Structures are given as structure tokens and as C-alpha cells.
Amino acid sequence: MTLPLLHLDEHLVAIDKPTGLLVHRTQLAAREDEAALQRLRDQLGQPVWPVHRLDRGTSGVLLFALSAEVASLLGAMFEQGRMDKRYLALVRGWPGEDDGLIDHPLARDPELPSAGQNLLAAQTRWRVLDRIEWPLATDPRFPSTRVALLEAEPLQGRRHQIRRHLKHIAHPILGDATHGKGPLNRAVASHLGTQRLWLHAHSLALAHPVSGAPLHLLAPPDAQWPAAG
């Protein structure tokens, strides 16, 4: 499968990563042969360097450098928050407000107990794009299921930041096996006819690390996503 290219120049390349594809091979998924890094390297016929990552289930804008030097520059920009990252998330329930800021420190490693770990500053802005009601009973108290389409803007890049923050405000992302609700996820997957994490890296805006020119990378959500009303 050819990866869709969003941008390509002599210094960097951006792709629209499909859901379910690893960014690079890892011992945690040792049986997986397919990964974006290796597939893109073969597609371009040259080495590529990952400068950030998306969770396996997250789709959307993924940036690679075409040299170690540019990878270092981009890595510093991500570390320092010198870029604008926007995600789409389909979540359980309707938030009481139309927008907000989640300011909730996070442990560095979400796979380990938080106790004993240093907490890192983490803020995520969010706003409601659409409120949706499905004729799907996932709770015996209600005949339908309410979900919301959000735009989320993480101000840092903590691991699983958006997923953990939306769980913190009781609006977990649908399809999130780690931070969401299993029975709800299964009911939604059956209703929509697909099982996936409903999180999409929609846009990434930054200054080009070499030229300094504005660079705005956009990956429209695929046809499975509900349109914003």
C-alpha cells in the first residue's frame, strides 16, 4: 500500500498515516512487519527519520525528516512546543461547555502506575465541533447514545496526552481500549461497522526548520468519520 504524501521537499516529508499502522517497529509489537517508517523508506528509496509519533490507532499527519540534522531541528521544535497540532476526537457524551482547557499534569509513562513517577505539566485545549445522538442503547437508562466530535489541541506532546486528558474530564475517546469503556466501544464498533480508535491528527502547522517559511500540513478525516454539523 502506498502511503499518501501530504508534503515532500529535500528536507522533510509528511504522510497521512492510516489507522492501525505502527510508526516504527517495536519489541512491543514484535510480530508486526509493517510500519510507516520502513514503508515510507521503501516508497521514497531513501532513509527517513521519525521526529514524532502517533499511536498505532491514531490516523493523520505524520512528519519525517530526510536527514539526521533536520531530524534534530524538528525534534527540538516538537520538544519546545513550537508548532500547532490539531486533532479530531469522537468522544462519549456531550460536554457541558462548547470549549475548554484541560490543565492536568501527567505521569511520564502511562503504562506504569502514576505513584512514584514525576508529574509533567500538560494542557489540552478543546472545542466541540458537533453533538451527535445515535439510536443506539449502550446504557439501560437511556434509549440512545450521545457522542461529540471535538477538536483537541495538545500544548505539549506527552504520551497519550489527548486520550488521558479526555478520560480525565469523563469524555473518553471512542475505541480507546486503554482509557475508554469496553462495552461502549464494542457497541459503537458494531453500530458503525468498524473497530478503531477515533482520534485523527488533522493538522500540523510549523515554520519550516530550514527555510523558516510557514508550513501547514492538513489531512482530512477519511469517509468513516461523521461530518461536523
Meets criteria (at pLDDT 95 or above, under 17 Å from the mean Cα position of the chain (by Cα) and under 23 Å from Ala177 (Cα atoms)) for Gly60: yes
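Could you say which residue among His11, His7, His52, His104 is out of contact with any Asp or Glu (no Cβ under 6 Å at 6 or more places or on another chain) and modelled with pLDDT under 95? Working first, answer last.
On the way: His11 fails: modelled with pLDDT under 95; His7 fails: modelled with pLDDT under 95; His104 fails: modelled with pLDDT under 95.
Testing whether each residue is out of contact with any Asp or Glu (no Cβ under 6 Å at 6 or more places or on another chain) and modelled with pLDDT under 95 leaves just His52.
Report yes if His160 is under 18 Å from the mean Cα position of the chain (by Cα), on the phi > 0 side of the Ramachandran plot and at pLDDT below 95, otherwise no.
It is true that His160 is under 18 Å from the mean Cα position of the chain (by Cα), on the phi > 0 side of the Ramachandran plot and at pLDDT below 95.
Kindly indicate whether Ser190 is of a type in the set (Ser, Thr, Tyr) and under 17 Å from the mean Cα position of the chain (by Cα). Lay out the reasoning, then the answer.
Working: of a type in the set (Ser, Thr, Tyr): yes; under 17 Å from the mean Cα position of the chain (by Cα): no.
No; evaluated as a whole, the condition is false for this residue.
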The range 2-22 residues that are on the phi < 0 side of the Ramachandran plot and without any contact (Cβ under 8 Å) to a residue 60 or more places away in the chain, paired with ones that are assigned to a loop (DSSP other than H, G, I, E, B) and not small (Gly, Ala, Ser) (beta carbon under 6 Å, 6 or more apart): Ile15/Leu3; Leu22/Glu32; Leu22/Arg56
Qualifying strands (runs of 3 or more DSSP E) (wholly inside the range 115-229; at least 2 residues being in the same structural domain as Leu101 (by TED's automatic domain parsing) and of a type in the set (Phe, Trp, Tyr)): 123-134
Filtered residues of the range 109-144 (kept if among the charged types (D, E, K, R), exposed (fewer than 13 other Cβ atoms within 10 Å of the Cβ) and closer than 20 Å to Asp55 by Cβ): Asp109, Glu111
Total residues in the range 71-92, condition of a type outside the set (Ser, Thr, Tyr), farther than 25 Å from Ile169 by Cβ and either part of a helix (DSSP H, G or I) or at pLDDT 95 or above (or both): 7
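Given Pro183, Pro154, Pro214, which one is surrounded by 17 or more Cβ atoms within 10 Å (Cβ to Cβ) and out of contact with any Phe, Trp or Tyr (no Cβ under 6 Å at 6 or more places or on another chain)?
Working: Pro183 fails: surrounded by 17 or more Cβ atoms within 10 Å (Cβ to Cβ); Pro214 fails: surrounded by 17 or more Cβ atoms within 10 Å (Cβ to Cβ).
On inspection, the qualifying residue turns out to be Pro154.
Yes/no matrix, rows are residues, columns are (1) closer than 30 Å to Met77 by Cα; (2) without any contact (Cβ under 8 Å) to a residue 24 or more places away in the chain; (3) over 18 Å from the mean Cα position of the chain (by Cα):
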{"site": "Pro140", "(1), (2), (3)": "no, yes, yes"}
{"site": "Pro143", "(1), (2), (3)": "no, yes, yes"}
{"site": "Gln156", "(1), (2), (3)": "yes, no, no"}
{"site": "Gly180", "(1), (2), (3)": "no, no, no"}
{"site": "Arg186", "(1), (2), (3)": "no, yes, yes"}
{"site": "Gly212", "(1), (2), (3)": "yes, yes, yes"}
{"site": "Leu215", "(1), (2), (3)": "yes, no, yes"}
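The values are calculated or read from the model by the stated rules, or taken from the named source; none is laboratory data. Quick caveat: nothing in here was measured; it's all calculated off a predicted structure. FYI the Cβ positions are ideal-geometry reconstructions off the backbone, even for glycines, and counts take in every protein chain you see.
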